[in-house]
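Down below is the structure, laid out as structure tokens.
The values are calculated or read from the model by the stated rules, or taken from the named source; none is laboratory data. Note that the coordinates shown come from a computational prediction; the quantities given were computed from them, not determined experimentally. Heads up, the Cβs are rebuilt from the backbone with ideal geometry, glycines too, and the neighbour counts pull from every protein chain shown. Quick note on the areas: whole protein, heavy atoms, side chains included, nothing else; ligands and nucleic acids left out. Shrake-Rupley method; radii C 1.70, N 1.55, O 1.52, S 1.80 Å.
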Amino acid sequence: MVVVGGGQAGLAAGYHLRRQGLDFVILDADPAPGGAWQHMWDSLHLFSPAEHSSLPGRLMPVQTGETYPGAGHVVDYLADYEKRYDLPVQHGTRVDAVRRDGERLLVEADTGTWRARAVVSATGPWSRPFLPAVPGRGVFTGRQLHTVNYRSPADFAGQRVVVVGGGNSGAQITADLALDGNIEVTWVTQRPPQFLADDIDGRALFDVATARRRALDAGRSDTGGIASLGDIVAVPPVRAARDAGLLHAKPMFSRLTEDGVRWADGSHTGADAVIWCTGFRPALAHLAPLGLRGPRGHVPTDGTRALGEPRLHLLGYGDWTGPASATLIGVGRPARDAARQIAQLLSS
């Protein structure tokens with residue numbers, strides 16, 4: 001069988017597939033281990049301590065001097081995890097399409113074609129950034145970039161920067177720029193940002209997401225999950241910028257102009273760059289030949305199994321493929337369940 005994607009979800013799938021005694025290969029477009037974490041901005045840190053940010057079977061080691069590990073530490077952990085369990089990852093292999101072929105699924109990649117009895121799609125959203133259709137986006141002459149392109153404040157020294165987005169990425173990048181002291185930052189959100197209590201981190205969020213899923217599965221009322229707590233985890237840099245009075249969000253502007261943004265009241269703010277922290281969509285183009293896409297671009301699933309194709313499982317795209325399945329600590333359980341179901345399918 002074939003796993004498409006060699007980031008945290010793909011590695012978790014590989015771990016549990018091996019425990020089921022299945023023969024598989026993991027095809028990963030990146031030339032090196034680490035998944036999306038190797039493309040993150042320089043100052044990014046996890047929301048949880050290392051011991052609560054681990055894949056199945058191996059605890060993430062503590063990063064010296066850091067409560068919350070940095071992205072580089074995560075890359076090292078994933079590379080070690082891949083090597084430790086001798087997972088058959090073929091890096092630098094981009095999958096273009098998955099098609100039906102009788103009793104098999106054809107997985108077509110730029111390096112060849114695999115015939116698989118089952119497929120796990122674990123490509124995540126990082127390669128498909130979302131940019132909203134904001135008036136004037138095409139006329140702005142400054143620099144525009146998405147979260148995926150941001151690296152550090154050094155790229156914006158002495159500039160006026162507008163950051164758009166009220167989630168964790170927007171808050172963290174705004175804090176990163178504002179704390180630099182040499183950048184004029186304007187933070188823009190669709191609605192007032194809601195900070196979680198300072199003592200809430202990824203451990204608590206995982207527990208809340210899991211409790212919500214269990215309640216829904218049992219037919220009980222929706223607890224609201226993570227959304228009921230707030231939008232933004234107050235990691236140390238965000239907390240520092242907030243406490244220094246540097247994180248004041250303005251309502252969304254009405255349009256971009258050639259040299260800045262126009263507000264609803266007609267006033268204007270100049271800008272040299274706009275950073276769109278506006279989220280992602282699941283990277284599912286390779287599944288298009290199967291004709292499974294449903295509302296909001298998702299593939300309807302029962303757990304991780306695609307309703308329209310029982311030989312396909314989707315892993316790590318968000319709560320619709322398992323509670324907190326887009327997180328390091330959360331992907332293990334749905335990966336285990338997917339591997340068990342695949343083993344049952346292949347033995348029937």
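Taking segment 52-71 as the range and being closer than 22 Å to residue 171 by Cα and free of Cβ contacts under 8 Å to residues at least 12 places away in the same chain as the test, no residue passes. Do you know which residues across segment 230-247 are touching a strand residue (DSSP E or B) at 6+ places or on another chain (Cβ under 8 Å), surrounded by 14 or more Cβ atoms within 10 Å (Cβ to Cβ) and not hydrophobic (A, V, I, L, M, F, W, C)? Once the filter is applied, which keeps residues that are touching a strand residue (DSSP E or B) at 6+ places or on another chain (Cβ under 8 Å), surrounded by 14 or more Cβ atoms within 10 Å (Cβ to Cβ) and not hydrophobic (A, V, I, L, M, F, W, C), segment 230-247 yields 230, 231, 237, 242.
In segment 66-86, the qualifying residues are those that are in a helix (DSSP H, G or I) and hydroxyl-bearing (Ser, Thr, Tyr), and the one that is farthest from residue 237 (Cα to Cα) is 81. Restricting attention to segment 120-131 and to residues that are of a type outside the set (A, V, I, L, M, F, W, C) and in a loop (DSSP other than H, G, I, E, B), the residue that is least open to solvent (accessible area, probe 1.4 Å) turns out to be 124. Residues that are more than 20 Å from residue 324 (Cα to Cα), open to solvent by 60 Å² or more (accessible area, probe 1.4 Å) and not polar (S, T, N, Q) within segment 52-79 comprise 61, 62, 65, 66, 76, listed in sequence order. The set of residues in segment 305-333 that are within 14 Å of residue 124 (Cα to Cα), open to solvent by 10 Å² or more (accessible area, probe 1.4 Å) and part of a helix (DSSP H, G or I) comprises 319, 320. Residues in segment 270-280 that are open to solvent by less than 30 Å² (accessible area, probe 1.4 Å) and in a strand (DSSP E or B): 270, 273, 274, 275, 276.
Quick one: which residue in 297, 316, 332 is modelled with pLDDT under 95 and within 29 Å of residue 47 (Cβ to Cβ)? Result of the check over 297, 316, 332: 297. Selection within segment 87-107: residues that are part of a strand (DSSP E or B) and under 21 Å from the mean Cα position of the chain (by Cα). The member of this set that is farthest from residue 31 (Cα to Cα) is 96.
Among the conditions (1) of a type in the set (D, E, K, R); (2) out of contact with any Lys or Arg (no Cβ under 8 Å at 6 or more places or on another chain); (3) modelled with pLDDT of 85 or more; (4) open to solvent by 70 Å² or more (accessible area, probe 1.4 Å), the only one that residue 207 does not satisfy is (3). Scanning segment 132-164 for residues that are part of a loop (DSSP other than H, G, I, E, B) and without any contact (Cβ under 8 Å) to a residue 12 or more places away in the chain yields a total of 2.
Of the residues making up segment 100-110, just one is touching a residue at least 60 places away in the same chain (Cβ under 8 Å) and either exposed (fewer than 15 other Cβ atoms within 10 Å of the Cβ) or of a type in the set (S, T, N, Q) (or both), namely 100.
In segment 111-119, the count of residues that are at pLDDT 95 or above, open to solvent by 70 Å² or more (accessible area, probe 1.4 Å), under 21 Å from residue 274 (Cα atoms) and among the polar types (S, T, N, Q) is zero. When every residue of segment 56-64 is checked against the conditions, at least one turns out to be within 29 Å of residue 177 (Cα to Cα) and polar (S, T, N, Q). Is it true that some residue in segment 225-239 is assigned to a strand (DSSP E or B), under 22 Å from residue 330 (Cα atoms), at pLDDT below 95 and not charged (D, E, K, R)? For segment 225-239, residues assigned to a strand (DSSP E or B), under 22 Å from residue 330 (Cα atoms), at pLDDT below 95 and not charged (D, E, K, R): present. In segment 35-51, of all residues being under 20 Å from residue 150 (Cα atoms) and without any contact (Cβ under 8 Å) to a residue 40 or more places away in the chain, the one that is surrounded by the fewest Cβ atoms within 10 Å (Cβ to Cβ) corresponds to 38. Specify the residue that is surrounded by the fewest Cβ atoms within 10 Å (Cβ to Cβ); the eligible residues are those in segment 165-200 that are among the β-branched types (Val, Ile, Thr) and without any contact (Cβ under 8 Å) to a residue 60 or more places away in the chain. Filtering first and then ranking leaves 200.
Can you tell me which of 281, 296, 336, 340 is in contact (Cβ under 8 Å) with a residue 40 or more places away in the chain and closer than 29 Å to residue 137 by Cα?
281
For segment 10-42, the candidate set comprises residues that are of a type in the set (A, V, I, L, M) and assigned to a helix (DSSP H, G or I); within that set, the residue that is nearest to residue 313 (Cα to Cα) is 13.
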